[in-house]
Structure formats: structure tokens, C-alpha cells
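Input: a single structure, listed below in C-alpha cells.
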Amino acid sequence: MVIVRDIDIYSLCEHHLVPFCGKVSIGYIPNQRVLGLSKLARLAEMFSRRLQLQERLTKQIAIALDEILHPQGVAVLIEA
């Protein structure tokens, strides 16, 4: 299992245009391909730069990781 914890994110709430910040933890069970740890942080940062809802941000990160790597399992946790 590959886990990266405490990735800092900063974004704006889509509804209120109020900034929120927090930490993301991403984990996955590799199938055949393994992604570098810095790429997981880049993925979280890429999605957090948009206007976001926390729930959608979690889902977008998980779906992107699943489409790229086709792992056995993916978990994303956001604390903001």
C-alpha cells in the first residue's frame, strides 16, 4: 500500500467564495504501476486550485488516480 499523508491544500469554496485550507491523505494499493509520491501531491494541488467543494475534491482525486493507475483500491481523506 502506498500512502502519502498531510498534503497541504488551499482552495476557494464554490458557493461562498471563501478560502479553505486543509490536509489531504491519499492511499492506494498498486496493481502493476506505481506513481511517485510527489505526483500524488501534485494531483491534489492541481484539483484544489479550482473553485471547489470538499466532497467533490475528494471524489475528483480518487477518480483521477483510479483512471490513471487502475489500482486494486483507492482512499482519499480530506481534513479541512
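The values are calculated or read from the model by the stated rules, or taken from the named source; none is laboratory data. The shown structure was predicted, so the numbers you read here are calculated from the model rather than taken from an experiment. Backbone-built Cβ (ideal geometry, glycine too); neighbour counts: all protein chains shown. Ligands, DNA and RNA are stripped out before the accessible areas are found, and what is left, the full protein with its side chains, is counted by its heavy atoms. Shrake-Rupley method; radii C 1.70, N 1.55, O 1.52, S 1.80 Å.
If you fit an axis through the alpha-carbon atoms of helix 37-48 and take the longest principal axis of the Cα set of the chain, what angle between them do you get, 0 to 90°, nearest 10?
30 degrees
Pairing the Cα long axis of helix 54-69 with the longest principal axis of the chain, what angle in degrees results, from 0 to 90 and rounded to the nearest 10?
Computed tilt is about 30 degrees.
Per DSSP helix of 4 or more residues, -39500 (n - 2.57); summed, then divided by the residues of the chain. What does that give at 222 nm, rounded to the nearest 500? Intermediate results must be reported in sequence, preceding the final value.
Values: 2 runs with 28 residues, N = 80.
That comes out to -11500 deg cm²/dmol.
With a 1.4 Å probe and all protein chains left in place, how much accessible area per residue does the chain have, in Å²?
Working: 5160 Å² over 80 residues.
On a per-residue basis, 64 Å².
Which stretch or stretches of the stretch 17-39 have amide N atoms under 17 Å from the point lying 7 Å from E45's Cα along the Cα→Cβ direction?
It comes to 21-26, 36-39, nothing else.
How much length, in nm to one decimal, is gained on full extension between E55 and V2, taken as 0.36 nm per residue of separation minus their Cα-Cα distance?
Fully extending the segment from E55 to V2 adds 16.9 nm.
Which entry in [x] 55, 36, 23; [y] 41, 20, 16; [z] 110, 32, 13 matches Cα extents along the principal axes in Å derived from the coordinates of this structure?
After the calculation, the listed value that fits is [y].
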